[in-house]
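These notes concern the structure reproduced below.
The values are calculated or read from the model by the stated rules, or taken from the named source; none is laboratory data. Here the structure is a predicted model, which is why all the values come from computation and not from measurement. Methodologically, a virtual Cβ is constructed for each residue, glycine included, from the backbone with ideal geometry; neighbour enumeration extends over all protein chains shown. Please note that ligands, DNA and RNA were not included when accessible areas were found on the heavy atoms of the full protein model with its side chains. Shrake-Rupley method; radii C 1.70, N 1.55, O 1.52, S 1.80 Å.
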Amino acid sequence: MSSDGDRKTGERQTRGLLLMVVAPSGVGKTSLTRRLVADHQDLHLSISATTRDARPGEHEGRDYHFVDRAVFNKMVEADEFLEWAEVYGNRYGSPKKPIMEALDRGESVLFDIDYQGAMRIHAQAPKDTVLVYVLPPSLAEMSRRLHARSQDSEDTIRERISRAKDEVALWTTFDYVILNDDFDRAYAELAHIYHAERLKGGRNLWIAPLVDTLLGEAT
Ligand code: 5GP
């Protein structure tokens with residue numbers, strides 16, 4: 001990735017990370033990710049562009065950038081997406097510019113995207129990405145939540161559940177797996193992952209020069 005994603009935090013120069021949180025629909029991923037972003041000033045949500053219609057309660061620019069197919073296709077042609085995909089008949093893409101700008105400030109970006117999108121970004125920037133999968137306690141519970149939110153037809157719910165089964169089987173391709181059977185615990189685990197990942201040696205660019213200084217100290 002062309003951005004070097006470094007910043008000085010006081011005297012501490014750090015490198016941001018790209019946090020991918022993937023889960024089947026109806027697992028409570030949105031609540032987890034929105035809270036993590038609200039609790040961390042140095043973490044920004046990547047707002048995807050999508051060709052699907054806004055659902056009740058969704059807002060332009062907060063949940064998605066809602067665009068028509070012609071606009072989306074122009075953005076694809078202009079190479080404005082880090083990745084894009086067709087999911088359930090609609091197109092979704094992660095705009096590059098705000099992601100690169102956050103990395104340039106040494107800040108991190110959280111992606112609320114599907115499996116294929118997360119893996120595509122991981123392939124482009126393996127050292128910068130952290131892959132987290134959120135498991136539902138059961139498929140029955142997932143189905144109950146999807147019915148309760150009344151946004152999908154029976155066919156779509158069936159498709160989402162069948163897709164969840166395929167995805168869950170790929171859990172070993174993730175760095176971390178969280179079980180969302182208890183929101184507070186799942187949130188604490190997600191926050192721990194973010195904190196620990198930020199502390200990794202390679203992301204803390206201030207360590208090497210400090211160690212050089214320490215090694216050069218007269219004893
Ligand atoms: P929904 O329509 O329910 O908001 O999202 C449908 C699926 O598309 C979800 O799995 C969501 O994570 C995924 N998605 C949202 N934005 C993007 C994106 O920019 N890229 C990709 N690949 N998937 C996305």
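Quick check: anything in region 84-98 aromatic (Phe, Trp, Tyr) and at pLDDT below 90? Show your work before the answer.
Applying the first criterion (aromatic (Phe, Trp, Tyr)) to region 84-98 yields 84, 88, 92.
Within this subset, residues satisfying the condition of being at pLDDT below 90 are 88.
Within region 84-98, one or more residues are aromatic (Phe, Trp, Tyr) and at pLDDT below 90.
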Give the number of residues within region 148-159 that are modelled with pLDDT of 85 or more and open to solvent by 80 Å² or more (accessible area, probe 1.4 Å).
4
Looking at 140, 208, 196, 191, which one is more than 25 Å from residue 15 (Cβ to Cβ) and small (Gly, Ala, Ser)?
140
Quick one: how many residues across region 92-128 are open to solvent by less than 10 Å² (accessible area, probe 1.4 Å) and out of contact with any Gly (no Cβ under 8 Å at 6 or more places or on another chain)?
7
Residues being within 14 Å of residue 129 (Cβ to Cβ), more than 10 Å from the ligand (Cβ to nearest atom) and out of contact with any strand residue (DSSP E or B) (no Cβ under 6 Å at 6 or more places or on another chain): count how many of those fall in region 87-114.
1
Only residues that are within 14 Å of the ligand (Cβ to nearest atom) and either open to solvent by 20 Å² or more (accessible area, probe 1.4 Å) or at pLDDT below 95 (or both): list them for region 23-39, please.
23, 24, 25, 26, 27, 28, 29, 30, 31, 34
Output the number of the condition that residue 85 fails; it satisfies all remaining conditions of (1) open to solvent by less than 30 Å² (accessible area, probe 1.4 Å); (2) free of Cβ contacts under 8 Å to residues at least 40 places away in the same chain; (3) aliphatic (A, V, I, L, M); (4) in contact with a Ser or Thr (Cβ under 9 Å, 6 or more places away or on another chain).
(4)
Has region 54-62 got at least one residue that is within 15 Å of the ligand (Cβ to nearest atom), over 25 Å from residue 177 (Cα atoms) and either within 13 Å of the chain's Cα centre (by Cα) or among the aromatic types (Phe, Trp, Tyr) (or both)?
no
Log entry, pairs with first residue in region 51-66 being open to solvent by less than 60 Å² (accessible area, probe 1.4 Å), second being within 13 Å of the ligand (Cβ to nearest atom) and in a loop (DSSP other than H, G, I, E, B), beta carbons closer than 6 Å, six or more apart or on different chains, reads 55/151; 64/48; 66/54
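Among 21, 109, 27, 87, which is more than 29 Å from residue 150 (Cβ to Cβ) and aliphatic (A, V, I, L, M)? Step through it out loud before you land on a result.
Values: 21 fails: more than 29 Å from residue 150 (Cβ to Cβ); 27 fails: more than 29 Å from residue 150 (Cβ to Cβ); 87 fails: more than 29 Å from residue 150 (Cβ to Cβ).
After ruling out the rest, the residue left standing is 109.
Report yes if some residue within region 7-20 is within 13 Å of the ligand (Cβ to nearest atom) and either surrounded by fewer than 19 Cβ atoms within 10 Å (Cβ to Cβ) or without any contact (Cβ under 8 Å) to a residue 12 or more places away in the chain (or both); otherwise report no. Spell out the reasoning first.
Pass one, region 7-20, residues within 13 Å of the ligand (Cβ to nearest atom): 18, 20.
Among the residues that remain, those that are also either surrounded by fewer than 19 Cβ atoms within 10 Å (Cβ to Cβ) or without any contact (Cβ under 8 Å) to a residue 12 or more places away in the chain (or both) are: none.
No - not one qualifying residue is present in region 7-20.
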